[in-house]
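The next block holds one structure in the form of C-alpha cells; read it before the comments.
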Amino acid sequence: DAGVTQSPTHLIKTRGQHVTLRCSPISGHKSVSWYQQVLGQGPQFIFQYYEKEERGRGNFPDRFSARQFPNYSSELNVNALLLGDSALYLCASTTSEGRNIQYFGAGTRLSVL
Amino acid sequence: AQSVTQLGSHVSVSEGALVLLRCNYSSSVPPYLFWYVQYPNQGLQLLLKYTSAATLVKGINGFEAEFKKSETSFHLTKPSAHMSDAAEYFCAVSDKNYGGSQGNLIFGKGTKLSVKP
C-alpha cells in the first residue's frame, strides 16, 4: 500500500508569493494533519482535518489555510510568503480509530527567497 | 499545556555501545507518548508509542522506551548501536484525543544521534 504522499517535494518561491502544498493520505485514513519543521527544530502543528472539517489549529497566522477534499486528500495554502516560512512541511494521516498513530509523508521543502 | 523536553541536542556513541536518548514530558492528563526517527531528507517514521498499557514499550529496529510516571520520563534506549541508527530522534506527546481522530502531536526539539565506527 502507498504511504502518505506529498507534492511537490521541493519548491522555491519569493517573498509575497502564494504557495499550495498537497497531501494524499494512506488509503482508508480520514484524518490529515499538517506540520511545519524549521531547520534544527521539531515539527510544529499547523492544522488537523477530519472528515473534511477542521478539528484543530496551531498558533499560525491567518496567512496559513487548509482544506480537505471528499477523497480525504488535503491542501495547505500559504499567502504572502515570508522568509521565515522556509521550512519542511509535513503531512500526516491517521485512521478514524483514534489509536493515535500518525503516519508521515516525506514532506515538501519550501524555500522562500 | 503539554510539552516535551529532549535533553541533549546531539548524542554521539560508538558502534556497539548503548544508546540512551532522554525525553521528559509535562502533561496534566495521562499522556500518549511517541518516539519518531527522521533520516536526512526524509519524513518521520514511528519507532514506538506508549498508550497507557505496558510501561516498557518495544519498538522497531531494537529500540525500546520505558514510561516512568514518577519521573515524567520516556527515555529511548537501544543496547547496541549500529551505524544505520545515525539519524535525528524526536519525542512527542499527543495533545488530546478526539472521539474519532487523533489529537495533535507536540514534538521536542530533537536529538541528533551520531554513531562512530
Rounded to a whole %, the carbon-and-sulfur portion of the accessible area of the protein assembly as shown at a 1.4 Å probe is 50 percent
Strictly greater than 19 Å: what percent of every Cα pair in chain B meets that? 43 percent
When the label point is put 7 Å from the Cα of B:Leu18 along its Cα-to-beta-carbon vector, which residues of segment B:60-91 have a backbone N closer than 14 Å? B:64-66, B:75-81
Give the distance, in whole Å, between the Cα centre of segment A:43-113 and the Cα centre of segment B:51-77. 28 Å
Bins of 5 Å from zero: percent of alpha-carbon pairs in the protein assembly as shown: 1, 7, 15, 18, 19, 16, 12, 7, 3, 1, 0
May I ask for the equivalent-ellipsoid semi-axes of chain A, computed as the square root of five times each C-alpha gyration tensor eigenvalue and listed largest first in whole Å? 23, 14, 13
Please list 3J(HN,Hα) in residue order for segment B:20-26, calculated via the Karplus relation 6.51 cos²θ - 1.76 cosθ + 1.60 where θ = phi - 60°; whole Hz, with x for glycine and proline. 9, 10, 9, 9, 10, 10, 10
B:Lys68 - accessible surface, heavy atoms, 1.4 Å probe, Å² rounded to 10: 80 Å²
Considering only protein heavy atoms, what per residue accessible area in square angstrom results for chain B with a 1.4 angstrom probe? 47 Å²
HN-Hα couplings for segment A:59-75 via Karplus (6.51, -1.76, 1.60; θ = phi - 60°), in whole Hz with x for Gly/Pro, come out as 8, 10, x, 5, 5, 9, 9, 8, 7, 10, 9, x, 8, 6, 5, 9, 10
Would you please give the FRET efficiency between B:Ser80 and B:Leu56, computed as 1/(1 + (r/R0)^6) with r the Cβ-Cβ distance and R0 = 22 Å, to the nearest 0.05? 0.80
Inside 10 Å of the C-beta atoms of B:25-38, what's the mean count of C-beta atoms belonging to other chains? 1
Does segment B:4-46 come out rounded, prolate or oblate by the C-alpha gyration tensor, with a ≥ b ≥ c the root eigenvalues, rounded set by a/c under 1.5 and, if not, prolate when a/b is larger than b/c and oblate if not? oblate
How many percent of all Cα-Cα pairs in segment A:1-52 sit more than 11 Å apart? 78 percent
With charges only on Cβ, +1 for K and R and -1 for D and E, what is the dipole size of segment B:45-96 about its Cα centre, in debye, rounded to 20? 180 debye
How shielded is B:42-55 by partner chains, expressed as the average number of their Cβ atoms within 10 Å of its Cβ atoms? 3
In Å², nearest 100, what accessible area do chains B and A bury in total when the solvent probe is 1.4 Å? 1900 Å²
What is the mean number of Cβ atoms from other protein chains located within 10 Å of the Cβ atom of each residue in peptide A:37-50, rounded to a whole number? 5
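The values are calculated or read from the model by the stated rules, or taken from the named source; none is laboratory data. Only a predicted model underlies this, so the values are computations on that prediction, with no experimental measurement involved. When we count neighbours, we look across all protein chains shown, and the Cβ atoms used for this are built from the backbone with ideal geometry, even at glycine. Quick note on the areas: whole protein, heavy atoms, side chains included, nothing else; ligands and nucleic acids left out. Shrake-Rupley method; radii C 1.70, N 1.55, O 1.52, S 1.80 Å.
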